[in-house]
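Report on the following structure.
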Amino acid sequence: MELRLYNTLTRSKDAFRPLDPNLVRLYVCGPTVYDHAHIGNARPVIVFDVLFRLLRRLYGADHVRYVRNITDVDDKINARAAERSISIRELTEETYAWFRDDTAALGCLRPDVEPRATEHILEMQALIERLVESGHAYVAEEHVLFHVPSMPEYGKLSRRPLDEMLNGARVDVAPFKRDPMDFVLWKPSTEGQPGWPSPCGIATPGRPGWHIECSAMSWRHLGETFDIHGGGIDLVFPHHENEIAQSRCAFDSGSMAQVWMHNGFLLVEGEKMSKSLGNFVTIRELLNDWPGEVLRLAMLSTHYRQPINWTRQGIGFAAKTLDKWYRVIGDVEAETGEGNPFESEIADRLGDDLNSPSAITHLHHLADVAEHEDASSALKRRFKGAANLMGLLHETETEWRARQRAAVSVDPDAIAALIADRNAARKARDFATADHIREQLASQGIVLMDNKDGTTSWELTR
Ligand SMILES: [Zn+2]
């Protein structure tokens, strides 16, 4: 199969050719750890997990290196730690553990390297020194700033006119900046703020700006130039533009990453998510109500470059789909690898710029094909293997049902009693009461099924 990826840098979908097929290198901007991650944060994590799985299948698991950083130095972190009267390390450790648990529940593999910004200060300082020596950065009032006019190709990724970039950057026009577009590489810390010895002979301890982190950590773990850099569309400018400026100027190279991939925005019920609108929803809250796999399928139902409208209806639809798919596979083992033609068909669809909606449509078709086969059928095992490539159907039907029961507090004895009441009502031809009981259970996501042999069974549909 051929992998084609849309590249924000070229604005075109091109065949992917790694710099070194023996080690395909992927970098994705990770979380700033100060609070629970929201569902918008989950989107790049899930999207690039699918890419990671696909690359591993194409090049071999030992020939892909996925790096996703952890921003653990940031003014929001300082403020939150002070607010909670805990140390910065305590806050970032706790928050990062939440993030790790949340993303594991969403079926995401751990990246190969999850570097922390605070453990890469030396690399940042080295980059800053290089940029100052080569005339791309300068020291002013204990800050180090990148001088944007020193890089003629600045703005190539976002392709924005200069005045728009100025607005987008919301630059504070500090009097010591040589150009309003210049951005901070290093800034002085006051007492109480985290600080490290400053580079370039600056006496006051300081801390890095945000953008320099990613240039330093990708350099350390992937080299001066690598294959794919990913993140949310909101990072194109200024963050990624600045990463490119720093890395290319520090290494005097023509490119930082060959392919730049960006996932689209996430809306909640048609609106921009914000705390003031009251529609701010964390991954953790959603996981209280739904298995992570349901959230994953709901997320992948929209192509990663399109804006996604996150709705309860979409989640419900994903839950129903998984319920059907688990019924189809039962407890069979997955067949994975090149020998599984279903898996290859899914890989082909994902190979077209991660077209997950097309892959899901095809999984529906494969489920229909496998559905009528007997339980030992190779088709069921192949269908499961195909879904596994997207990080779906890793459990058995038995495990899935157990998870659903655990997710909602359902009392099987109470349900059995209601079923008995309903049967008695039907016997007495009191259909109003019988229907009422059915609807009452349905409102809790419990669906009754009247079997041919006269018994009634029930199933959770959420
Ligand atoms: Zn970054």
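What does the extension gain come out to for GLU271 and ALA203, with contour length at 0.36 nm per residue minus their alpha carbon separation? Mind showing how you got there, number by number?
On the way: separation 68, 0.36 × 68 = 24.48 nm, distance 4.77 nm.
Full extension of this stretch gives 19.7 nm more.
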In degrees, nearest 10, the alpha-carbon axis of helix 121-133 is tilted away from the dominant principal axis of the alpha carbons of the chain by 40
Of all DSSP beta bridges with both partners in the stretch 136-287, the antiparallel percent, nearest 5, is 70
In whole percents, the bins of 5 Å from zero upward hold the Cα-Cα pairs of the stretch 116-252 as 2, 10, 21, 24, 22, 14, 6, 1, 0
Zone reached by a paramagnetic label modelled 7 Å from HIS394 Cα along Cα→Cβ, restricted to the stretch 79-113 with backbone N below 18 Å, covers 97-113
Cα-Cα longer than 19 Å, checked against LYS427/LYS452; LYS324/LYS384; LYS275/LYS320; LYS13/LYS384; LYS13/LYS156, kept in input order, equals LYS275/LYS320; LYS13/LYS384
With the 8 Å Cα cutoff and a minimum separation of six or more residues, the stretch 170-238 has a relative contact order in percent of 20
Here the stretch 269-282 yields Karplus 3J(HN,Hα) values (6.51, -1.76, 1.60; θ = phi - 60°; whole Hz; Gly and Pro given as x) of 6, x, 10, 5, 6, 7, 4, 6, 7, x, 10, 7, 10, 8
In degrees rounded to 10, the 0-90 angle between helix 431-442 Cα long axis and the longest Cα principal axis of the chain is 30
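Highest mean first, what order results for 325-337, 217-229, 347-359 on Cβ atoms within 10 Å? Before the final figure, lay out the partial values.
Working: 325-337: 17.9, 217-229: 21.9, 347-359: 19.7.
In descending order of packing, they fall as 217-229, 347-359, 325-337.
On average, how much area does the Cα convex hull of the chain cover when viewed from any direction, in nm²? Intermediate values should be presented prior to the final figure.
Numbers: hull surface 102.6 nm².
Averaging across all directions leaves 25.6 nm² for the Cα convex hull.
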So, relative contact order of the chain in percent, Cα under 8 Å, 6 or more apart, is 16
Residues whose built amide H sits under 5 Å from the amide H of TRP310, excluding neighbours closer than 5 in sequence, are LEU267, VAL268, GLU269, GLY270
For the chain, the longest principal axis of the Cα atoms and the Cα long axis of helix 378-388 enclose an angle in degrees, to the nearest 10, of 30
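Read the figures in this text as sums done on the coordinates, not as results from a lab. Please read these numbers as outputs of a predicted model, since none were measured by experiment. With ideal geometry, Cβ positions are generated from the backbone for all residues, glycine too; neighbour counts draw on all protein chains shown.
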